[in-house]
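This report refers to the structure that appears directly beneath it.
The values are calculated or read from the model by the stated rules, or taken from the named source; none is laboratory data. Since this is a predicted model, take the numbers as computed values, not measurements. Cβ coordinates were reconstructed from backbone atoms using ideal geometry, including for glycine residues, and neighbour counts include every protein chain displayed. All accessible areas refer to the heavy atoms of the entire protein, side chains included, with ligands and DNA or RNA removed. Shrake-Rupley method; radii C 1.70, N 1.55, O 1.52, S 1.80 Å.
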Amino acid sequence: MNASIITIGDELLIGQTIDTNSAFIAQEFNKVGIWVKRRVAVGDTAEDIELALNEESNQAQIIILTGGLGPTADDITKPLLNHYFGGKMVIDPGVAQHIEYLFREVYRRPGPIAERNKKQAEVPDVAKVLHNARGSAPGMWFEKNVNGRNVVFVSLPGVPHEMKGLLVGEVIPRLLKYFKFPFIIHHTALTAGMGESMVAERLLDFEAALPRHIKLAYLPSYGMVKLRLTAQGQHEAQLAEQIRFQFDQMTALLDDIIVSKEDEPIEKIIGHLLLRQKKTIATAESCTGGNIAHWITRIPGASAYYIGSIVSYSNLVKEALLGVPSETLRTQGAVSSETVTAMVKGALQQLGADYAVATSGIAGPDGGTPTKPVGTIWIAAGNQDRVVTKLLQLRFDREQNIEITTMQALLLLRKVILGQEVAPAL
């Protein structure tokens, strides 16, 4: 069962807004056996939207549109769909009542509701209205026979919060009743310390022997390689048994580099380790500017093990709050193994954590020297008994350098928590 996603809006085409909607839709569809075959972005023109509808309905049985349903003049999706499906615009009483409720009870706006907001209650009479509990623009469900196939078209608001609520609460339950989908099961492992090509070399014979209905995907990112096995079929129990067998075979071949046998980020893995050991962590960040703290605290429940952070961007803060000796800063520099070691020790003392991680470097685009060019970054992790450091020589832009440093710092911390050996810093 194939689906296509059409995202609407000039802001997507000029890069002003990043399309996160398509990723969410694809992820949720994949969970229930719907394969997203194509994703298309079009501007705010009726001709482009109609062309996309015609092209995608020849490719897929489910078409999802997002965007263009607001109250402003450039929101043209609804009138275009009314014309496309041969309907006429009518006021939906349920939507009108919901808009009244939102403006009076939720938004608390006095005075009359603007006509452009009231018009959001207008829908094509050929559409099934989908209740948008999170906003004023309703979703709409259309059906059309295309080349002998019944195709479902669903139009959703472009606001991510509203789109997500409608997709999960309204669209997917209706699609599950309307179509029969195959089962799709994923099993994911995370590896670290080995590049994608070397991992693939290890799995060469394994991958070649996989049954046709089970596929292996390599997803590298910032020093880690995610391996995803996907099985698709009609019999769920049989499928689950088959993919579990293959997953166990695969992970046994990679036992020395497996970080997790779940699809979870490194910060969540760190959290599991700390909770099991009943230990805590603090961070002392310079070049990452609090990004490690951000990663850690975006996991619900992180307060059980995360103490806090000292963002010591200047040398004055490194000295005053973390106790980095001025002599170390003068002779070795802020970007050095000695400095990040002192930062870890200072964070342990000042914040009272069991473990700490520290970063200091030159993220770019300027600030480099011949001896310490842009991308030279030191990281450290440790406890009261042991502090290890690692030198990174990165070659990317500022944002990527910060993200890679964050990932590498947490991977280093994981090794320290597990008591694993760490290659000595150069």
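Name the helices (runs of 4 or more DSSP H) wholly inside the range 62-127 in which the number of residues that are of a type in the set (Val, Ile, Thr) is 2 or more.
Numbers: elements: 77-84, 93-101, 115-118.
Hits in the range 62-127: 93-101.
From the list 30, 82, 58, 21, exactly one residue is open to solvent by 40 Å² or more (accessible area, probe 1.4 Å) and in contact (Cβ under 8 Å) with a residue 40 or more places away in the chain. Which is it?
Going through 30, 82, 58, 21 in turn, just one is open to solvent by 40 Å² or more (accessible area, probe 1.4 Å) and in contact (Cβ under 8 Å) with a residue 40 or more places away in the chain: 58.
Please give the number of the condition residue 122 fails out of (1) open to solvent by 20 Å² or more (accessible area, probe 1.4 Å); (2) in contact (Cβ under 8 Å) with a residue 40 or more places away in the chain; (3) in contact with a helix residue (DSSP H, G or I) (Cβ under 9 Å, 6 or more places away or on another chain); (4) closer than 26 Å to residue 2 by Cβ.
Unmet for residue 122, out of (1) open to solvent by 20 Å² or more (accessible area, probe 1.4 Å); (2) in contact (Cβ under 8 Å) with a residue 40 or more places away in the chain; (3) in contact with a helix residue (DSSP H, G or I) (Cβ under 9 Å, 6 or more places away or on another chain); (4) closer than 26 Å to residue 2 by Cβ: (4).
Tell me whether the range 36-49 contains one or more residues that are under 16 Å from residue 179 (Cβ atoms) and out of contact with any Lys or Arg (no Cβ under 8 Å at 6 or more places or on another chain).
Initial filter on the range 36-49 (under 16 Å from residue 179 (Cβ atoms)): 36-37.
Narrowing the set further to residues that are out of contact with any Lys or Arg (no Cβ under 8 Å at 6 or more places or on another chain) leaves 36-37.
Yes: the range 36-49 contains one or more residues that are under 16 Å from residue 179 (Cβ atoms) and out of contact with any Lys or Arg (no Cβ under 8 Å at 6 or more places or on another chain).
Are there any pairs, at least 6 apart or on different chains, whose C-beta atoms fall under 9 Å, with the first in the range 321-342 and within 20 Å of residue 371 (Cβ to Cβ) and among the charged types (D, E, K, R) and the second open to solvent by 60 Å² or more (accessible area, probe 1.4 Å) and in a helix (DSSP H, G or I), and if so, which?
Short answer, once both residue conditions are applied: 338/331.
Please specify each residue of the range 97-119 satisfying the condition of being within 21 Å of residue 82 (Cα to Cα), under 35 Å from the mean Cα position of the chain (by Cα) and open to solvent by 100 Å² or more (accessible area, probe 1.4 Å).
Selection gives 116, 119.
Could you tell me whether residue 275 is without any contact (Cβ under 8 Å) to a residue 60 or more places away in the chain, open to solvent by 20 Å² or more (accessible area, probe 1.4 Å) and touching a helix residue (DSSP H, G or I) at 6+ places or on another chain (Cβ under 9 Å)?
Working: without any contact (Cβ under 8 Å) to a residue 60 or more places away in the chain: yes; open to solvent by 20 Å² or more (accessible area, probe 1.4 Å): yes; touching a helix residue (DSSP H, G or I) at 6+ places or on another chain (Cβ under 9 Å): yes.
Yes: the conditions hold for residue 275.
So which residues in the range 278-304 are buried (at least 21 other Cβ atoms within 10 Å of the Cβ), touching a Phe, Trp or Tyr at 6+ places or on another chain (Cβ under 9 Å) and not in a helix (DSSP H, G or I)?
281, 282, 283, 285, 286, 287
Return the pairs, sorted by first residue and then second, in which the second residue is aliphatic (A, V, I, L, M) and open to solvent by 70 Å² or more (accessible area, probe 1.4 Å), the first residue lies in the range 386-399 and is outside any loop (DSSP other than H, G, I, E, B), the beta carbons are less than 7 Å apart, and the residues are 6+ apart or on different chains.
Correct list of pairs: 391/426.
Check off (1) over 23 Å from residue 193 (Cβ atoms); (2) surrounded by fewer than 21 Cβ atoms within 10 Å (Cβ to Cβ) for residue 342 and give me the number that stays unchecked.
(2)
Mind counting the residues in the range 176-215 that are in contact (Cβ under 8 Å) with a residue 40 or more places away in the chain, under 14 Å from residue 232 (Cβ atoms) and under 24 Å from the mean Cα position of the chain (by Cα)?
So the answer is 5.
Among the residues of the range 32-56, which ones are closer than 29 Å to residue 236 by Cα and modelled with pLDDT of 90 or more?
Here is the first cut: in the range 32-56, the ones closer than 29 Å to residue 236 by Cα are 32-39.
Matches in the range 32-56: 34, 36, 37, 38, 39.
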